[in-house]
Structures are given as C-alpha cells and as structure tokens.
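Here's the structure, in structure tokens; my notes come after.
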C-alpha cells in the first residue's frame, strides 16, 4: 500500500506535467487517492475531493481526512460529512452536499435484467450455478488493516456461518489491502475441505451487475462499504462485521455484528428474514448531474487557508 502510494505520486505527476489540467478530481479514501492528491497539490493544480468528511474504522479514515486538507473543493455525500469538514477548518463555500455517485450506479443497476447477471456469472470457473430467482447470500469481506493478522480467522468464521444457513451463496474475492492474501487463503482452504453447500466463487463482476445481484439477494455479509452506501439505497439487508465501517452513518438495513459465531448466526437469521425500503442517506441516485453542474461553474481558488468557524 505504501509502495503503491509512492508510485502513484510519481506516475501521476508525470501525467499532470504533460497534460496540465485545470482541475484534478479524486474520490474517497484509498492509497491511490492519496497519491493523486499529493501530486496535484505539489504541482499547484486545484483539487476536488469526492466523499470527504466520512468516518471509517481503519487506515482509510486517516487517508480521507489527509486528502481533505490537500483539497480545494469538497463534494460530499450528506450533511453530516459537510459538518465534519467545516469543523476541520474547510471554508463553507468550498463544501457542497451532492450525494454519493455510487448510488447513481445502484439506481441504474435496478433496470438491468437478471439475464445479464446470469450471463456474466456463467464465466466463473469455481462452484455451482445459482438460480437468481431463489434466495441466496452474497459474501464480500476485506481484510481490516487494523486487524489484518486476524484476516484468515475472520474469513473462516464468516464462511462457516453462511454455510450453516443452508442457502446458496456467492463468494467475492477481497480487495488488495494488507491481509488480503490471508482472506483468499481462507476461502481456498474452506472450499477445499469437501461439501460446503451450494456456492459460486466470483473473482470479479462489473459494478452495475454486482449491484443488481445485491438487489436480488437476501443478504450481504462482510465489511464492505457497499453494504453501507449502495445497499441502503437498494434496501438490501446487510450483516456488517467488525470495525472496518465503524462510525459511518448507516440506514436501518445494516445490522452490526462482532467477530463471534453465535452473534453472527443470530444476525444472519434476522437479516435473511428481513426486508427494508430504500434509503436516500447517501443520495437519491442523481449525484453525477449535480456534481457536473457544480464543477462547470467553479472558479480556480486562491491560496487555501484554515477557516476559523465563528462561535455562535
């Protein structure tokens, strides 16, 4: 992660020197986000940050807030995030509540026919074909960078608990955070131990197709932000494990659960029997148009200063 950040600064700087854009836009809280923000800032190119001001439970939060201080304009998901940025010394005139652009994809995904998802899943090479008209669970679990040494144990706990529900389940590979190799090894060891029920292991799926799959599922299990954001809009029940998403605003569809077999069994039993309406906590699905209109009318900023809020 550290090496990738350094390489991102180097290669992005080369690109920016060649093309000299008027603005740079970066999103969220990843190491490539930080690398892009550092490059733009040192080259004096105004920076727009999307999804600042949110709280999470691991290294991503530090990165998100660091990018905030490097940025000139902030396009945030909700008013709670906007308030945090202003408490961090960002000028109110630089903060715009636009909703989350990933919710736009969720809205568009609802119109996709299930046949498109089935066709894409047909290329997977491990597991069983799962009827998307029946009940099923989706597992998407990343390593928690603050607990990466427990990644193997955590993934095994999740998989064993999901298998015991008796429902078919999809297993998606984790991202590349520290500890991801242990998560992948846990999946491989688990699946190699014999009959693990009806499952389908998926390396990757187009973003909209993945969201359409989630909208059809009985429950998402894991610790991905998609459970907090897009699933709120989709109304998909979520069992959110551990502290990776700690502190984020969440809708009623999210059931937080510790790394405990009994608690996870109870959480799964509750969520696979629950249904939720759509929430607009992270936007109504039209953030892109709002962001485009804001960016089209931006004036290049002067030197940035810490904004001291006036006490009421």
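Before moving on, here are some points about what is shown:
- At R0 = 22 Å, FRET efficiency that the Cβ-Cβ distance of residue 191 and residue 145 yields, to 0.05: 0.30
- Sorted largest first, the spans of the alpha carbon positions of region 219-266 along the three principal axes are 29, 20, 15 Å.
- Against the chain, whose longest principal axis is taken from its Cα atoms, helix 207-216 shows a tilt of about 50°.
- Most simply put, region 103-271 has about 5% antiparallel DSSP beta bridges, counting only bridges with both residues inside it.
- Degrees, to the nearest 10: 59-70 long Cα axis against longest axis of the chain: 20
- The DSSP beta bridges internal to the chain are antiparallel in roughly 5% of cases.
- Ranking of 73, 228, 294 by count of other Cβ atoms within 10 Å, fewest first: 294, 73, 228
- Angstrom value of the Kirkwood radius, inverse mean 1/r, which spans all Cα pairs in region 141-227: 13.5
- Extension reserve of the residue 135-residue 86 stretch, reckoned as 0.36 nm per residue once the Cα distance is removed: 13.2 nm
- Sorted by Cβ density within 10 Å, fewest first, the residues 146, 98: 146, 98
- Once the Cα-Cα distance is subtracted from the 0.36 nm per residue extended length, the residue 296 to residue 181 segment shows a gain of 37.2 nm.
- Computed from Cα positions, the angle between helix 151-164 and the longest principal axis of the chain comes to roughly 50 degrees.
- Distance between the pseudo-spin-label points of residue 308 and residue 61 (7 Å out from Cα toward the beta carbon): 2.8 nm.
- For the chain, adding -39500 (n - 2.57) for each run of n ≥ 4 DSSP H residues and dividing by the number of residues yields -12500 deg cm²/dmol at 222 nm.
- Net length gained if the chain between residue 93 and residue 7 were fully extended (0.36 nm per residue, minus Cα distance): 27.7 nm
- Rounded to two decimals, the Cα radius of gyration of region 103-271 over 2.2 N^0.38 Å is 0.96.
Every number in this text was worked out from the coordinates using simple rules, so none of it is lab data. Note that the structure is a prediction, hence the values are computed from the model and not measured. Here Cβ is always computed from backbone atoms with ideal geometry, including for glycine, and neighbour counts include all displayed protein chains.
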